[in-house]
Amino acid sequence: MNTIEKRVQDIKEDLDFFDDELQKYEYIIDLGKKLPELEEKHKVPENIVHGCTSQVWLIVEKKDDKLYFKGTSDAVIVKGLVYIILNIFSDSSIEELREVDMDIVYELGLSEVITPNRQSGVIGMIKKIKEYALSIN
Amino acid sequence: MFKKDFPYFSNSDIVYLDNAATTQKPKEVISSQVEYYEKYCANTHRSSFGDANKATLNYENARKTLQEFINAKSKEQIIFTKGVTESINFIASSYAKKFKTVIISSLEHHSNIVPWHMQGRTLGDGLEVVSCNENLDFDFVDFENILKANPNSFVSVTHISNAFGKIHDIKAIIKLAHKYNSVVMIDGAQSLAHMSVDMQELDVDFFAISAHKTFGPTGVGAIYIKEKYLKEVEPYQTGGATIDQVDFSSSTMLDAPYKFEAGTQNIAGVIGFAKALDYISEVGYDVIMKQEHEVYEYLTEQLSKLPNIIFYNNLEDSIGSKSFNFKNIMHDDIGILLDKMKIALRVGHHCAQPIMKQLNIKGTIRVSIAFYNTKEDVDKLITALKKALDMLS
């Protein structure tokens, strides 16, 4: 199991802990509150993740052979999802990010929130993360 | 007390408050469609064996039902389409194409904006938009100024706004437009579920109707065309069932309505739609309006008690939908949490991005009711909203 898959498993276990759906969302909201603020200068159109009803901004930094992501959203639940996604993908090798399978989002068991219909931005974020990895030489 | 007529409510414990998107269907509507497929499934207007005749008869009776329902002069004025969007696209791409200017309102949803853009009309260049004030009232002064500058235009406005439930005074709009020799199409997507419409009284030229927002099946709608335009409107698609004579050098068309209904129609859907109209007639608009008004008033009263709620228009000149936000809370967050609490409503821009931009918001929370909704539904909504607000604050 690679690092990304391991992190997905860990988060899935955390989420599965809640029998009650609302408690699960309460937990996600709390995660959103833990998300570090993204500096205002990064909240510019070029950092917006497309395909989201709620606004999501995402930036990338490269250190050595690894990519680090920062992001935020204007919606609280989406902010929690941003926290989860950053936790999964940040501090990963470019090579590993290039191989990310989009189905990874369904493994989290949040498919109702992250379907393209809901456009909560999670799929868009992962796409963008993958695009970053593919565009870096 | 009406929910028992709708099988959905026996099978679901959801509080359904998304009626502006689609309504639930009474059992007669569902069973009439099943009956068509199970007992006399055949094509209409072509074959002449027994089942085909029955299908044709029921299909044409549905046209008659809709004609009488909206008080059109003749059944030839009723053209079945697959919905309001197709009705508008049909008239936009055939009859309205020749007009130099098309006038719409600020409250239109995308179905009555994008078809005009597709014709290459842009704001101020073939397309004019009547503004609205901060209460979302249609600005008649602005409208008259646009008409004065652009007489002989094609006016296309919504009756009841999809996103806010705001009612336009379409009778006054039609009258004023006619004064300036303009032709009027009304988008009646949200009308028939809430109130009766009378084509002759309104003196409207075109009126787009949705079945699925009127307790009928999805994929069905109609466009009413005033008699004097029936010959002027060109079919925008042709083929089977629309022609009189065809050889390789030319074709001649049938008269309306057949020349406008190319291909095999949604026969079961049309038959089901007529059943929905029969159902409405049986219940009666007076009962529907009274019931809905009571719930709507109660909803308004209860919502108004919630802290930091923002409405965008006076609620007394709206019907069906209530659209709102809470200060510093994203509508998306509310939508996700209400879904988990089994409340079905819509959050977002409701296919009306331009008015959202004008209001400087990304969207709203929209509660849209039908006459089968109850005060108990409202109570459950309010409890869920309070819980969601508590979680998000």
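A compact table of results
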item	result
Residue list for region A:37-59, restricted to those being at pLDDT 90 or above and under 13 Å from the mean Cα position of the chain (by Cα)	A:57, A:58, A:59
Any hit, region B:122-135, residues being assigned to a helix (DSSP H, G or I) and not polar (S, T, N, Q)	no
Of residues in region B:379-393 being surrounded by 15 or more Cβ atoms within 10 Å (Cβ to Cβ), farther than 24 Å from residue B:212 by Cβ and of a type outside the set (Gly, Ala, Ser), the one farthest from the other protein chains (Cβ to nearest Cβ)	B:382
Strands (runs of 3 or more DSSP E) completely within region B:194-277 that count 1 or more residues being of a type in the set (S, T, N, Q)	B:206-210, B:243-246, B:251-253
Residue in region A:15-34 that is surrounded by 17 or more Cβ atoms within 10 Å (Cβ to Cβ), in contact with a strand residue (DSSP E or B) (Cβ under 7 Å, 6 or more places away or on another chain), more than 21 Å from residue A:136 (Cβ to Cβ) and more than 12 Å from every other protein chain (Cβ to nearest Cβ) present	no
Subset of region B:133-145 (residues that are without any contact (Cβ under 8 Å) to a residue 60 or more places away in the chain and crowded, with 21+ Cβ neighbours inside 10 Å)	B:138, B:143
Among the residues listed as A:76, A:60, the single one being within 14 Å of another protein chain (Cβ to nearest Cβ) and buried (at least 18 other Cβ atoms within 10 Å of the Cβ)	A:76
Among the candidates A:81, A:31, residue that is closer than 17 Å to residue A:106 by Cα and either among the aromatic types (Phe, Trp, Tyr) or touching a residue at least 24 places away in the same chain (Cβ under 8 Å) (or both)	A:81
Considering residues of region B:325-352 that are within 11 Å of chain A (Cβ to nearest Cβ), within 23 Å of the chain's Cα centre (by Cα) and at negative phi only, the residue modelled with the highest pLDDT	B:347
Residues of region A:1-18 satisfying the condition of being assigned to a loop (DSSP other than H, G, I, E, B) and either among the β-branched types (Val, Ile, Thr) or modelled with pLDDT under 85 (or both)	A:1, A:2
Those residues of region B:222-271 which are without any contact (Cβ under 8 Å) to a residue 60 or more places away in the chain and in contact with a strand residue (DSSP E or B) (Cβ under 7 Å, 6 or more places away or on another chain), in sequence order	B:242, B:243, B:244, B:245, B:251, B:252, B:253, B:254, B:259
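Listed here are the residues, each with its yes/no results for (1) of a type in the set (Gly, Ala, Ser); (2) assigned to a helix (DSSP H, G or I).
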{"position": "B:8", "(1), (2)": "no, yes"}
{"position": "B:29", "(1), (2)": "no, yes"}
{"position": "B:32", "(1), (2)": "yes, yes"}
{"position": "B:35", "(1), (2)": "no, yes"}
{"position": "B:44", "(1), (2)": "no, no"}
{"position": "B:47", "(1), (2)": "yes, no"}
{"position": "B:57", "(1), (2)": "no, yes"}
{"position": "B:60", "(1), (2)": "no, yes"}
{"position": "B:65", "(1), (2)": "no, yes"}
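Yes/no per residue for (1) of a type in the set (Asp, Glu); (2) in contact with a strand residue (DSSP E or B) (Cβ under 6 Å, 6 or more places away or on another chain):
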| site | (1), (2) |
| --- | --- |
| B:286 | yes, no |
| B:290 | no, no |
| B:304 | no, no |
| B:311 | no, yes |
| B:316 | yes, no |
| B:319 | no, yes |
| B:322 | no, yes |
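The values are calculated or read from the model by the stated rules, or taken from the named source; none is laboratory data. Keep in mind that what you see is a predicted model, and the values were worked out from it rather than measured. Don't worry about glycine lacking a Cβ; one is built from the backbone with ideal geometry, like all the others, and counts go over all protein chains shown.
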